[in-house]
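Undergrad: The structure's right below; bear with me while I get my questions together.
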Amino acid sequence: MIVAILSIVTVLTIAGAYVWLNRPVTVEIDAGVPIEYIDGGFPHAHFERLLEKFVDASGHVDYERWHASRASLAELEGYLAAVAKFSPDSHPERYPTDNDALAYWLYAYNAYVIYSIVTNWPLESITDLKAPIESVRGRGFFHRLRFRFGGTAYSLVHVEKNIICERYEDPRIHFVLNCGTESCPPAPVDLPVGEELESMLARAARDFV
């Protein structure tokens, strides 16, 4: 009986240690929201300008050069400060159509992936950002880390599965989301909203296939 109790205590202790060590960590963006976001809408010009500067024609991101540019990193942080404050859930009036809202989630997801790589450069893979105890490759980054969208912190897995996929049910989104690895589709450089998003999704799916 004593041995059984000790075994249970040991298992519970190990399980508790695993949960505590792998507890969620929220990545906070220490930057002000750019003046462009004071009024309604949600422009993506800051992020689009950075992508045009650091993504080549084949879709490869020059993380090393981006990492070396403090001004460019600051501009990305400003964009993400707006992402962290104004989401379609927290400020629906800024997103008049479903395509405007979908564009926010797609581009914000990609921006957080790029930010995580740039600020932790050099990395061989985004999966190098591991949890203290990692049983599944990539769990540390995609499940453990939390990023703010309209004031609420989500994992990127939650954003992809529970928001983008469930709400919009468009398989083409998988050709736009960039997970920071060679096996993922390239990050799109042009960031349309509204009706123009439709043609971008179609083009991204066609190009990937």
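Laboratory data are not the source of any read-out in this text; all were calculated from the coordinates shown. Keep in mind the model is a prediction, meaning the values are calculated, not measured. Note: ideal-geometry Cβ built from the backbone for every residue, glycine included; neighbour counts use all protein chains shown.
Undergrad: Work through the residues other than GLY41 whose Cβ is under 13 Å from its Cβ and net out their charges, Lys, Arg +1 and Asp, Glu -1.
TA: Every neighbour counted, the sum reads -3.
Undergrad: So for the pair ILE35, GLU182, with labels modelled 7 Å out along Cα→Cβ, what separation do we get in nm?
TA: So the label points at ILE35 and GLU182 sit 4.5 nm apart.
Undergrad: Just need the Rg to Rh number for the range 162-209, please, alpha carbons only, Kirkwood Rh.
TA: 0.95
Undergrad: Pull out the extension gain between GLU169 and ASP89, defined as 0.36 nm times the separation in residues minus the alpha carbon to alpha carbon distance; nm, one decimal.
TA: 27.0 nm
Undergrad: Does the range 50-209 come out rounded, prolate or oblate by the C-alpha gyration tensor, with a ≥ b ≥ c the root eigenvalues, rounded set by a/c under 1.5 and, if not, prolate when a/b is larger than b/c and oblate if not?
TA: rounded
Undergrad: For the range 18-98, state what percent of all Cα-Cα pairs lands in each successive 10 Å bin, counting from 0 Å until the bin that includes the largest distance.
TA: With 10 Å bins starting at 0, P(r) equals 16, 36, 30, 16, 1.
Undergrad: Separate question: Any chance you could run the full-extension gain for ALA57 through VAL209? It's 0.36 nm times the residue separation minus the Cα-Cα distance, nm to one decimal.
TA: Taking 0.36 nm per residue and subtracting the Cα distance, the gain is 53.0 nm.
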